[in-house]
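The values are calculated or read from the model by the stated rules, or taken from the named source; none is laboratory data. The shown structure was predicted, so the numbers you read here are calculated from the model rather than taken from an experiment. Neighbour counts run over all protein chains shown; Cβ positions are idealised from the backbone, glycine included. Please note that ligands, DNA and RNA were not included when accessible areas were found on the heavy atoms of the full protein model with its side chains. Shrake-Rupley method; radii C 1.70, N 1.55, O 1.52, S 1.80 Å.
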Amino acid sequence: MKRTIILLVLLTLGTVVKAQQPDKQKKGTGKEISADSLMNSLDSSGKQPNVVAVFKASRLILSPTTETVKKNNLNFLVIHRFGDISSGAGGGKTFYGLDRVQDVYIGFEYGLTDNLNISFGRNTINQLIEL
C-alpha cells in the first residue's frame, strides 16, 4: 500500500513540476529573463576558440594524458604508489602506508618536436625498463 501511495505522489509531482521555465518578469524591473536570452548574449560569430592545453602535464595521477612535452624540454618523473593505510600491515607503524611503497617509476620525457616525445624510465615491478 505504501508503495502505491508513494508512486502516485511521485507521478503527480512529475506532472506539476517544470524545470527551466523562464521567469516572465524580474522583480522590480519588468525585464524578461530566459535561458534563450542568455544563450543569445554569448558570442555568436561561430568561431571556436583555440584550446591551448587540455591538461597541464603529460601524466594525470598514474595515466598518460594527451599532452606532449614541448620541443627541447625535459621532464623528470617520479610516480609512486603507497601501501595500505589502515589494515593490520598499515596504520601508525607504517606511517599510514608511506613507509610501504608498492611501486615506483622513475623516468625522463624529452620533446623532440612539439608533437613527438621520447621517454625512458624504470619501474620497480619486475624491474621493467621502458623506452
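Calculate the FRET efficiency for H80 and F120 from the Cβ-Cβ distance with a Förster distance of 22 Å, rounded to the nearest 0.05. Computed FRET efficiency for H80 and F120: 0.80.
Segment L7..K47, full-extension length gain: 9.6 nm, with 0.36 nm per residue of separation and the alpha-carbon distance subtracted.
Largest first, the three principal axis extents of the alpha carbons in the range 52-118 are 49, 21, 12 Å in whole numbers.
With the other protein chains left in place, how much accessible area per residue, in square angstrom, belongs to the range 48-131 at a 1.4 angstrom probe?
76
Suppose R0 equals 35 Å. What FRET efficiency, 1/(1 + (r/R0)^6) with r the Cβ-Cβ distance, do L98 and K56 give to the nearest 0.05?
Working: r = 26 Å, r/R0 = 0.73.
It comes out at approximately 0.85.
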